[in-house]
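The structure appears right after this line, and notes come after that.
What follows draws every value from the coordinates through simple rules; no lab data is involved. Quick caveat, the model's predicted, so the values are computed rather than measured. Note that each Cβ is placed from the backbone with ideal geometry, even for glycine, and that neighbours are counted across all protein chains shown.
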Amino acid sequence: MSIEKIKTIIRKEWADVFKHRLVLLSMLFIPVAFTTVPVAALMVTGAAQIGEVGKELAAQASPICPPGLTALQCYQLQVLNQFMLLFMFTPLILPVTIAAYSIVGEKTTHSLEPILATPITTIELLVGKNLAAAIPATIGTWFGFLIYVAAAGLLMGLPLARALPSQAVWWVALLLIGPQLSILSVNFAMMVSSRVNEPHVAEQLSALVVLPLLLIFFGQVGGLIILDRSLILQLAVGLVGVDGLLFYLAVRVFDRETILSRWR
Amino acid sequence: MQLDTGKRVVPCAARPYSTIHGPPPTRANALDIQTFLCVCKSRPDSEEILRALAASSGWAPGRFTFPSRSLIPHCLHGTMLPADGRPPALPVVAVVGGNWGGDTSEDRFREPMIHTENLTKHFGDTFAVENLNLDVAEGEVFGFLGPNGAGKTTTVRMLTCLIKPTSGSAMVNGFRVGRDDKIIRRTVGLLTETPGLYDRLSALHNLQIYASLYEIEDRAGQVEKYLRMLGLWERRHELAATFSKGMKQKLALARALMHEPRVLFLDEPTAALDPEAAYLVREFIAGLSREGRTIFVCTHNLDEADRLCDRIGVLKTRLLMIDTPERLRANLFGRQVVLRLRRADASIAEAVLELPFVDDCRLTDNELVVTVEKPELHNPQLIRLLVGLGVEVQFVSEVRRSLEEVYLQLMKEAEQSQGPH
C-alpha cells in the first residue's frame with residue numbers, strides 16, 4: 001500500500017470536494033447546528049436553580065463527580081454529559097455529504113475511469129477517500145466540542161468548563177468513537193454510492209446510517225439507556241469490528257467492473 | 001554473454017538477436033517488474049540463454065523460474081529474483097528473439113505489443129466481445145472501428161485491466177492481463193471517451209494528481225513538458241471547467257502521456273471536437289506514432305481512421321476484418337479501374353471480360369469499370385487490348401472506395417451472417 005498515493009487521493013478530494021459549495025456549507029452547518037442545540041439548552045436550564053428532583057440527581061451523581069464541584073455543578077455536569085450523543089451524530093453525519101459526492105461525483109464527471117486506469121489499488125483509493133471524509137468530520141466534531149466547552153464556561157462558570165474535558169469518557173468519545181463513527185459513515189456512504197447514480201440519492205440513503213445512533217438517543221431520552229463509561233467503552237470496542245467489516249464490504253461492493261460497465 | 005539493462009539491443013552469445021522489451025526501466029517500476037525475460041522458443045538453447053542471462057546478472061540461478069511458457073507466443077518466460085530477496089536496482093526486461101532461421105530483420109523478431117487470444121467478455125447473457133484474436137505491433141497505429149455497442153470500449157477496458165475478460169487471454173507490452181495488471185496500468189496510457197477531468201481544479205493540479213499516482217520521478221518536469229507540448233502551459237493555473245472541449249481533450253491526452261507509456265489507448269479521441277481541434281489532436285497522435293509508441297485508437301471517424309491508422313480492425317462483437325485500409329478496400333470490393341473511352345459498345349466489355357485477370361467489367365455510357373486484382377500490373381495489358389480493338393482511351397483512373405463504404409459493406413455482411421446471441 002502506497003502512502004504517497006493515499007495522500008494524493010486525500011489532497012485531491014479536499015481540493016475538489018471542498019470547492020463544492022453545498023458540501024462546504026454542510027460541513028460548516030452541521031457542527032454549528034449540533035453545538036447550538038446543547039448550548040441553547042444550557043442557556044435555558046443552566047442558570048436555573050436546582051429543584052427537588054435535581055437535588056436527588058445531584059446526590060446520585062456526586063460520587064462520580066470530579067472533585068471540587070458543588071452539588072449544583074455536579075448536577076449541571078451530568079446534564080452537560082447527556083449531550084455527548086450529539087457529538088457522536090456530528091462525525092456520523094458530516095462525512096455522508098463528502099463521501100456521497102466523492103464517489104457519485106466521480107461517476108457524474110466520468111473522472112473515476114482515468115483514476116482506475118492508474119496503478120492505484122482499490123484499497124489505496126478507498127483508504128484515501130475514507131480519510132478524506134473522516135478527517136474533516138472528526139476535526140469538525142472536535143471544533144464543535146471546543147465551542148461547547150467555551151459555552152459551558154461562559155454560561156455555567158469556569159469550574160464546569162474545566163471539569164467537562166477532564167472526564168476520560170469524553171476523550172474516549174471524541175478520540176476513539178468519533179473517528180470510528182466517521183469511518184463507519186464513510187464506508188456506508190461509499191457502499192451506497194457505488195450502487196446509485198445521483199449524489200442526492202446517495203446522500204439521502206447514506207443518511208440512514210444515523211438510525212442505530214438515533215435508537216440509542218431515544219433510548220437515552222426514554223431512560224432505557226444510560227450513556228455511561230461502560231457503554232461508551234463497549235461502543236468504542238464494538239465499532240472497531242463494525243468498521244473493519246464495513247471497509248471490507250465497501251471494497252467488495254466497489255467493484256471496478258460493475259462501476260465502469262453499469263455507470264452511465 | 002553480457003546483460004545490459006538500458007539499451008535496446010542486448011548482445012549475447014550464439015548469434016542471438018535481442019531487444020529490450022517492455023517499458024523503459026525506472027526506479028518506480030523496479031519492484032514490480034523484477035526481471036522479465038523471454039526467449040524465442042524456436043531456439044533449441046533458449047533455456048540455456050535465460051539461465052546464462054540470469055547468471056551474468058549476478059543473481060542466483062536457483063531462484064530462476066519459468067512461471068509460464070505461453071505468455072507470449074513463441075516465447076519462454078522467466079522471472080528472476082536476486083538471491084538475497086532484495087529488489088534489483090534496475091529491472092532487467094529483455095526479449096531475446098531467435099535468429100535461428102537466419103532472418104535477422106528486426107520486424108521478424110518484433111513481439112506484438114498487444115496480443116489477444118480468443119478474448120471474450122460477456123455481461124450476463126450479452127456478449128460484448130467474442131473470441132477476439134489480435135496482434136498489434138510495436139509502433140503501429142491500430143484503428144478499431146465498429147458501431148456503438150460493438151465492444152470497442154469493452155476491449156480497451158480489458159486491455160487496460162479495468163475489467164476482467166470472461167475467457168481468453170491478452171498480453172499488453174509483454175505482460176499478461178489478469179496477472180500483471182498493476183504493471184500494465186503503469187505502462188499504458190488511456191484516453192477515455194470523456195476527458196473525466198476535475199473541473200474545479202486547475203490544469204496543473206489535474207496533471208499533478210496523476211503524476212503522483214503514476215509515481216513519476218520528475219513530476220514537475222513531466223507535467224511542464226506535456227503542458228507545453230500541448231500548448232496549455234500559459235493556461236495551467238486556470239480551472240479545467242473553463243477550458244473548451246478541445247483543450248480538455250488535450251489536457252486528458254497530456255494526462256495519458258505523462259508517464260511515457262509505450263502503448264496508448266485512445267477511445268474516441270476526436271469525438272465532439274470541432275474540425276480544427278480534431279485536426280490538432282490528430283496531428284499530435286500522428287506525432288506520437290512517429291516516436292514509436294503503439295497506439296490503439298477506437299473511433300467512429302472513418303476518415304480519421306483512414307488517414308491515421310496503419311491497420312484497421314472492424315468489430316461488431318466479433319472481429320469482422322482486420323487489415324490495412326488499402327487491403328480492406330481491395331478485399332471487399334476488389335480494385336476497380338475506370339476507363340473513359342471515346343466510343344464504346346457491349347462487345348468491348350465482353351472482350352475485356354475474356355481477359356483472365358479481369359473479375360468484372362461494366363459499361364456505363366462510355367465508361368468501362370473493370371475490376372482487376374493488380375491494376376499496376378494489369379492496366380497495360382488492358383489498354384493494349386483496347387487499343388488493339390481500335391478503341392480510343394481518353395482517361396484511366398482507379399476507383400478509390402472510401403472507408404465508409406468498406407465499413408458499411410462489412411456491417412451489412414455482418415448483419416446477414418450474425419444471428420442475435
What FRET efficiency would be calculated for the residue pair A:Leu245, B:Asp125, taking the C-beta separation as r and a Förster radius of 41 Å, to the nearest 0.05? 0.80
Compactness of segment B:298-381 as Cα Rg over 2.2 N^0.38 Å, two decimals: 1.40
Could you calculate, for chain A, the ratio of the Cα radius of gyration to the Kirkwood radius, expressed as Rg to Rh? 1.05
Please state the equivalent ellipsoid semi-axes for segment B:164-262: what are the square roots of 5 times the Cα gyration tensor eigenvalues, largest first, in whole Å? 28, 15, 10
Along principal axes, Cα extents of segment A:64-176, largest first, whole Å: 64, 21, 17
Work out, step by step, the length gained on full extension between A:Thr258 and A:Ala71: first 0.36 nm times the residue separation, then minus their alpha carbon distance; give nm to one decimal. 61.2 nm
Cα extents of segment A:124-210 along the principal axes, largest first, in whole Å, come to 51, 25, 17
Would you kindly state how much longer the chain becomes between B:Leu408 and B:Phe357 on full extension, computed as 0.36 nm times their sequence separation minus their alpha carbon distance, in nm to one decimal? 15.7 nm
Quarter of Cα convex hull surface for segment B:237-323, i.e. mean projection, nm²: 6.7 nm²
When all Cα-Cα pair distances of segment A:152-191 are considered, the percent exceeding 16 Å is 53 percent
Measuring from centroid to centroid over Cα atoms, what is the spacing of segment A:103-173 and segment B:122-163 in Å? 43 Å
Nearby lysines by direct alpha-carbon distance to B:Lys250 (threshold 19 angstrom, same-chain neighbours under 8 apart not counted): B:Lys225
Given a Förster distance of 30 Å, the FRET efficiency implied by the Cβ-Cβ spacing of B:His237 and A:Lys7, rounded to the nearest 0.05, works out to 0.85
